[in-house]
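Reading through the structure tokens given below for one structure.
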Amino acid sequence: MSGLILRMAAGVVLLTIGLAPAARAEDLVIGGIGSMTGVAASFDRAVVEGIQAYIKVWNMQGGFKGRHVNLQLLDDESNAATAVTVYRKLVEDKSVGIIIAASPSQTLLAIKAIADDYRVPTIGSATVVQLAVPPAKYFFRSLPGTDAYMLTLINWVKAHGWMKLAILNPSSAAGQSEAGLLKKDAAAAGVQIVAAERYNDTDTNFTAQLVNIRNARPDFFYCGIIGGPSVTIFKQVKQLHLTMPIALHSSAFNPNFYRGIGGVKEADGVYSPVERGGMAGSASGLVAKLYKEASDAMGHPATNLNTAGWDTAMIVAHAIETSNDTRQGILVALENTQDLPVIGGLVSYGPSDRRGKDERSVGIGRLTDGHFVEAK
Amino acid sequence: MDLATFAQFALSGLTTGCVYALVAIGFVLCANVSGIVNFAQGEYVMVGGIVTAGLASLAVPLPVAILVAVFLGGVFGFLQERVTVAPVRRAPMFLQATVALGVAVVIQSAALIVWGKDPYGLSGFVGDDVFVLLGAYLPLQALFVWGATAAFVGAAFYLLKFTELGRAIRAVAINPGAATMMGIKTGRMSMLVFAASGAAGALAGVVIVPITSASWDSGLEFGVKGFTGAIIGGFHSPFWATAAALGLGVLESLAAGYVSSEAKDIVTYGVLLAYLMIRGGAFLRGRRVVASTGGH
Amino acid sequence: MTSMLDVAAVSSGYGRTEVLHGVSLEIGAHEIVTMLGANGAGKSTLLATIMGVVPVRSGTIGFLGEPIETADTAAIVRRGLCAVPERRQLFGDMTVEENLLLGAYGRADRSPAALRDDLDTQYQLFPRLRERRRQSAQSLSGGEQQMAAIARAFMARPKLLLLDEPSLGLAPLMVEQIVQCIVDFRARGGTVLLVEQNARAALGVADRGYVLATGRITIAGRAGDLLANPAVQDAYLGGQGSGARAMEERIRARASSYNRASQPQ
Ligand SMILES: Nc1ncnc2c1ncn2[C@@H]1O[C@H](COP(=O)(O)OP(=O)(O)OP(=O)(O)O)[C@@H](O)[C@H]1O
Ligand SMILES: [Mg+2]
């Protein structure tokens, strides 16, 4: 009888010991901001899916030193002002050591502007140059810069002997900064820009711009669509018989886009300067392994947006794993990241370098069945 | 200046102008019959578009989706009149305008809650192919836009000009006091006109959604442009409002094509400002004693 | 005398101000009754109250033996009451014919044939309107507009016609024509309540009259008695020249001869 009691007591003690660490250990909290709704949602959701996929795998492999990793994700509603508000909310949470932001460039620029005031390392997955130049101490960019994308595009266009280029960009700051980069790179490469048109996000009729582009007879047409009217523009491109090869900004491609244009097949043959990560299905070695891991975690082949999110989360995980899990510690660890292999290439930062991936991570994708295949 | 390019700009502008026109007619009818500038007019375009696309995405047959959308536009217009117009009929004009703006915000918010923030797209009623007219490539859907606009405007003009009901509506617009004396129920006319305007806006939304997509905030642009058309048309004659709104769509497109894509809005609002300077804000004087449809 | 309209102790007004304070009056079938009163006395308000445009606050209004004080204007028009409002109130931008057709809006029988017939009757009464039927109402002269307003009211096939200052701004010849038209209407079996400032012309044609002062009936009586009443003479007939008096004589002569010839039994 007493033996039984003893054994039960021992069981209780053992249980208590066994359970206690798991129950007491607090989750490792990573702050997250994403445009889960609004105009930017269709692509930022895909980025967040990649982030969540990485964290899921991370947790399955035991998390951070046995602690469960928890992404505390807040929606900025595709609105910079909302983003700033939710950012402050995350900053006030002392358990948040680092914040990942998957939002449009405009929003991230607003966050970058205040990041140094709050002294929480923040990493943004967007491409605009100004996110990293000039650098803010606490704000890191994970994706290659627009300059890297545009340079890759121009060099690729030139390599095909296409010397006349037409461009269409939004009138927004981001759109126009992209247009400026294209003009600079084109001039340097000797490629002529025969038409440079712009549009507002609220526009519904793009005929004027597209006809002017058609009439300029370019060899190649790049359309810097960001968000909103991508379906309308793409339909009108087809309807107006713009038959030259065309590239779209990679953010155009998402489920809404494919549904709106009448199916993925409709976009077959369209080019886009994208992170190589999204085209890693055919790669080998570590990249292929990571890509498969990401795809398995999501249950479908990872897109370039998914891998952008996955890679960003990977950078964060690396920084946390190599630090003492304090805000300062993570900052230092991020700064010391050197050639960290992720799906999309190698990531490095430096004491005053916040640029993340570079042009080595960018390739030109050709859409086939809704997936990018590296173009010749 | 080659014809094909001109036709391309003008005809695609005409398609957008059709939406402005259906909105402008609503503005003018509501303003003249009820004395209220219905700033929620553009929202009905959004409702029409988003309901059609939303229902179609749930595999509801297209004709049903279209009917439901137009019907809902009419019902919302009717409700707006009963709930927010009739009770403030005697209130000062700024108050009535504020209430109408409030309705716009409510409709937007409701759309946001029901359909979320993503834009809803839809394939053309008969696919996304094109036809060529005067060298211009136009989506087949444009035919539906033109047809629906012509049908609605035609029906509205016939009704206003040649039927007893139309005469009564115009009478209320011209002189509500005298119309009451004739035994015309002015409240009922106001209700009818709001319902018809709601349906007109929704119809515009239904036919344009395959070309432009629709999201909770897409009504504003159409509302503003329709309002501008209505002002340039004098804000009292549906005929001139329609003509001005169509012209505005064409002008906007020509400006974007021949001047630059930024010139579009500058031209639009430049025309509006010029008009207001010339006409000295005639519209602000309130209800005009005219609501003619014919005789032009 | 069967009473057609029976206004009993009616009060009404606008917002916080009460304009009519317990007005009572009676109009028999086939009568022409005039209502005199200074500017602002409440004459137009009385007509608007009878027509259901201004709500009755207390008192009752009976028309053909049925209460109408709570009925809406449309229902009142359908019963056969029709008003020619002050300053005509035509639909200026619409054609003369459209205006006439609108007059028929509130009545029961609106078949195309009946409308055609009635239009024709009005055009026979007012040949000028036939000439101008496609013209906009606002392009008519003042006199023609008054004709159009009366014709529009006739289109409703009224049993009782309420006229609010039809002589306003019209030349004497035109006033005569209007008076003639009122007399003719009575001859066809109609009943008239005539609100007028032109007391001489009004009392000349009317059987009886009332004087309304600041919302109260102060004098009532036969037209001849009112003409002779010093108070009425002071207030409404004073200062009028011999020209007006002569015209009044002519009108009176014509009206009484007409009445003798066609007074219904
Ligand atoms: N719509 C209205 N709102 C407020 N007050 C009114 C309105 N119409 C008339 N009144 C007021 O009611 C009173 C009577 O006006 P009403 O028009 O009935 O007079 P009237 O006898 O017809 O005068 P007139 O001979 O000048 O036509 C006036 O004091 C007038 O200011
Ligand atoms: Mg009066």
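The values are calculated or read from the model by the stated rules, or taken from the named source; none is laboratory data. None of these values were measured; they are calculated from a predicted model. A quick note on method: Cβ atoms are made from the backbone with ideal geometry, for glycine too, and the neighbour counts reach across all protein chains shown. These area figures cover heavy atoms from the full protein model, side chains too; ligands, DNA and RNA do not enter into them. Shrake-Rupley method; radii C 1.70, N 1.55, O 1.52, S 1.80 Å.
Scan segment C:1-24 for residues that are within 16 Å of ligand 2 (Cβ to nearest atom) and either within 14 Å of another protein chain (Cβ to nearest Cβ) or open to solvent by 10 Å² or more (accessible area, probe 1.4 Å) (or both) and report the count.
Taking segment C:1-24 first, the residues within 16 Å of ligand 2 (Cβ to nearest atom) are C:12-14, C:17, C:19-20, C:23.
Filter again for either within 14 Å of another protein chain (Cβ to nearest Cβ) or open to solvent by 10 Å² or more (accessible area, probe 1.4 Å) (or both), leaving C:14, C:17, C:19.
So the count comes out to 3.
Any residue at all in segment C:38-55 that is surrounded by fewer than 20 Cβ atoms within 10 Å (Cβ to Cβ) and away from ligand 2 (no atom under 16 Å from the Cβ)? Within segment C:38-55 (the criterion being surrounded by fewer than 20 Cβ atoms within 10 Å (Cβ to Cβ) and away from ligand 2 (no atom under 16 Å from the Cβ)), the answer is yes, since at least one residue qualifies. Out of the residues in segment C:152-183 that are more than 13 Å from the chain's Cα centre (by Cα), open to solvent by less than 10 Å² (accessible area, probe 1.4 Å) and at pLDDT 90 or above, state the one that is nearest to ligand 1 (Cβ to nearest atom). Checked segment C:152-183; the qualifying residue nearest to ligand 1 (Cβ to nearest atom) is C:A156. What number of residues in segment B:107-141 are more than 17 Å from B:A53 (Cα to Cα), in contact (Cβ under 8 Å) with a residue 24 or more places away in the chain, in a strand (DSSP E or B) and open to solvent by 50 Å² or more (accessible area, probe 1.4 Å)? Here the count works out to 2.
The combined condition, being on the phi > 0 side of the Ramachandran plot, modelled with pLDDT under 95 and more than 16 Å from ligand 2 (Cβ to nearest atom), is not fulfilled by C:G224. Within segment B:216-234, being small (G, A, S) and open to solvent by 20 Å² or more (accessible area, probe 1.4 Å) holds for one residue alone: B:S218. Take the residues in segment A:220-250 that are in a helix (DSSP H, G or I) and either among the β-branched types (V, I, T) or in contact with a Gly (Cβ under 7 Å, 6 or more places away or on another chain) (or both); name whichever of them is nearest to B:Q141 (Cα to Cα). Ranking the qualifying residues of segment A:220-250, first place goes to A:T232.
Contact map, segment B:47-60: residues that are away from chain A (no Cβ under 12 Å) and in contact (Cβ under 8 Å) with a residue 40 or more places away in the chain paired with residues that are open to solvent by 10 Å² or more (accessible area, probe 1.4 Å) and aliphatic (A, V, I, L, M), Cβ distance under 7 Å, separation 6+ or inter-chain. Pairs shown: B:V47/B:L72; B:V47/B:I107; B:G48/B:V70; B:G48/B:L203; B:V51/B:V68; B:V51/B:L72; B:T52/B:I66; B:T52/B:L122. One residue stands out among those in segment C:124-151 that are more than 14 Å from chain B (Cβ to nearest Cβ), open to solvent by 20 Å² or more (accessible area, probe 1.4 Å) and among the small types (G, A, S): the one that is farthest from ligand 2 (Cβ to nearest atom), which is C:S141. For beta carbons closer than 8 Å, sequence separation of 6+ or different chains, a first residue in segment C:31-53 that is outside the structural domain of C:E165 (by TED's automatic domain parsing) and in contact (Cβ under 8 Å) with a residue 40 or more places away in the chain and a second that is open to solvent by 20 Å² or more (accessible area, probe 1.4 Å) and within 12 Å of ligand 2 (Cβ to nearest atom), there are no qualifying pairs. Annotation: C:T95 fulfils all but one of (1) outside the structural domain of C:Q135 (by TED's automatic domain parsing); (2) away from ligand 2 (no atom under 16 Å from the Cβ); the unmet one is (1).
Step by step: first the residues of segment C:184-199, then only those that are in a helix (DSSP H, G or I) and away from ligand 1 (no atom under 16 Å from the Cβ), then the one that is surrounded by the most Cβ atoms within 10 Å (Cβ to Cβ). Which residue is that?
C:R186
Considering only residues that are touching a strand residue (DSSP E or B) at 6+ places or on another chain (Cβ under 9 Å) and either more than 8 Å from chain A (Cβ to nearest Cβ) or not in a helix (DSSP H, G or I) (or both), which ones fall in segment B:207-263? Before you say what the answer is, go through the steps one by one.
If we filter segment B:207-263 for residues that are touching a strand residue (DSSP E or B) at 6+ places or on another chain (Cβ under 9 Å), which is where we start, we get B:207-211, B:213-215, B:256, B:260-262.
If the condition is that a residue be touching a strand residue (DSSP E or B) at 6+ places or on another chain (Cβ under 9 Å) and either more than 8 Å from chain A (Cβ to nearest Cβ) or not in a helix (DSSP H, G or I) (or both), then B:V207, B:V209, B:P210, B:S213, B:A214, B:S215, B:S260, B:S261, B:E262 are the ones that fit.
Condition check ((1) crowded, with 24+ Cβ neighbours inside 10 Å; (2) aliphatic (A, V, I, L, M); (3) modelled with pLDDT under 90; (4) over 15 Å from B:V45 (Cβ atoms)) across all residues:
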| site | (1), (2), (3), (4) |
| --- | --- |
| B:M182 | yes, yes, no, yes |
| B:T186 | no, no, no, yes |
| B:G205 | yes, no, no, no |
| B:H236 | no, no, yes, yes |
| B:A256 | yes, yes, yes, yes |
| B:I278 | no, yes, yes, yes |
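Of all the listed residues (A:E266, A:E197, A:E293), the sole one being of a type in the set (D, E, K, R) and assigned by TED's automatic domain parsing to the domain that holds A:S35 is A:E293.
Looking across segment C:201-226, the residues that are in a helix (DSSP H, G or I) and either of a type in the set (F, W, Y) or buried (at least 20 other Cβ atoms within 10 Å of the Cβ) (or both) come down to C:A201, C:A202, C:L203, C:G204, C:V205, C:A223, C:L226.
Going by the structure shown, is A:T122 closer than 28 Å to A:G224 by Cβ and free of Cβ contacts under 8 Å to residues at least 24 places away in the same chain?
Working: closer than 28 Å to A:G224 by Cβ: yes; free of Cβ contacts under 8 Å to residues at least 24 places away in the same chain: no.
Criteria not met by A:T122.
Summed over segment B:96-142, the residues that are away from every other protein chain (no Cβ under 11 Å) and farther than 26 Å from B:G77 by Cβ give a count of 3. Restricting attention to segment C:86-108, and to residues there that are touching a helix residue (DSSP H, G or I) at 6+ places or on another chain (Cβ under 8 Å) and more than 9 Å from chain B (Cβ to nearest Cβ), which single residue is surrounded by the fewest Cβ atoms within 10 Å (Cβ to Cβ)? Out of the qualifying residues, it is C:A108.
Yes/no per residue for (1) in contact with an Asp or Glu (Cβ under 7 Å, 6 or more places away or on another chain); (2) within 10 Å of chain B (Cβ to nearest Cβ); (3) surrounded by fewer than 23 Cβ atoms within 10 Å (Cβ to Cβ):
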site	(1), (2), (3)
A:T202	yes, yes, yes
A:N205	no, yes, no
A:L210	no, yes, no
A:I213	yes, no, no
A:R217	no, no, yes
A:C223	no, no, no
A:P229	yes, yes, no
A:T232	no, yes, no
A:L240	no, yes, yes
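Residues that are more than 9 Å from every other protein chain (Cβ to nearest Cβ), in a helix (DSSP H, G or I) and away from ligand 1 (no atom under 16 Å from the Cβ) within segment C:41-85 comprise just one, C:R79. Among the residues of segment C:109-122, those that are of a type outside the set (D, E, K, R) and within 11 Å of another protein chain (Cβ to nearest Cβ) comprise C:P112, C:L115.
Considering segment A:133-153 alone, what residues qualify as being among the charged types (D, E, K, R) and farther than 21 Å from A:I51 by Cβ? Can you show your working first?
Start the filter on segment A:133-153 by keeping residues that are among the charged types (D, E, K, R), which leaves A:137, A:141, A:147.
Of everything in segment A:133-153, those that are among the charged types (D, E, K, R) and farther than 21 Å from A:I51 by Cβ turn out to be A:K137, A:D147.
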